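Readers should treat all values here as calculations from the given coordinates under stated rules, not as data from a laboratory. Note that the structure is a prediction, hence the values are computed from the model and not measured. Neighbour counts are summed over all protein chains in view; Cβ atoms, including those assigned to glycine, are modelled from backbone coordinates with ideal geometry.
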Amino acid sequence: MRIRLALDDFGTGYSSLSYLGRLPIDIVKIDRTFIADLTSTSGRAIVEAVTTLVHVLGLQVVAEGVETARQRDDVAAIGCEFTQGFFYGRPAPAAAITALLRTTAPLTGAVTVNGQRPKLSRKVDGSPSAC
C-alpha cells in the first residue's frame, strides 16, 4: 500500500512555499480563500500560478472550498485534478457516512444522508474522488 501525503490549506497560515521542495508530498490543496476569490483577476491569477507551479513539481492539485458549479468549472479549466467543498455535500455524522460507505458500491450517491442524496467529491473527469 502506498501512502500519499497532501499539503492542506496551501497559501495560508504555516503552509510555506518552501514545503513544496522539502516535504515528500504528492498533493497540494489550495486553500478555500483563493477559490472564493476566483472571480477577481488577482484571485484567478493566484490559483493559476499555484496550479502551474504544483504541476511543474509533478504533484496534483485539490481545489478546496468549491461551493458552486461555476467554481468547479473554473478550477477544472485551470487544471485542478480534484475538487472538494459544499458543492458536493455538507458535513454529516459519522454514522451516516459509515452507512453510505457500506451500502453504496461504487460511490454513486445512491444512499441518502440526512434525507438528501449526497453529491460526492469528484475528480474533474467525473470519477469518484478519494480526496
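Relative to a virtual label point 7 Å from the Cα of T12 in the Cα→beta-carbon direction, which members of segment 35-59 show backbone nitrogen distances below 11 Å?
Within reach of a label on T12: 35-37.
Between S40 and D26, how many nm apart are label points set 7 Å from Cα along the C-beta direction?
Here the modelled spin labels are 3.5 nm apart.
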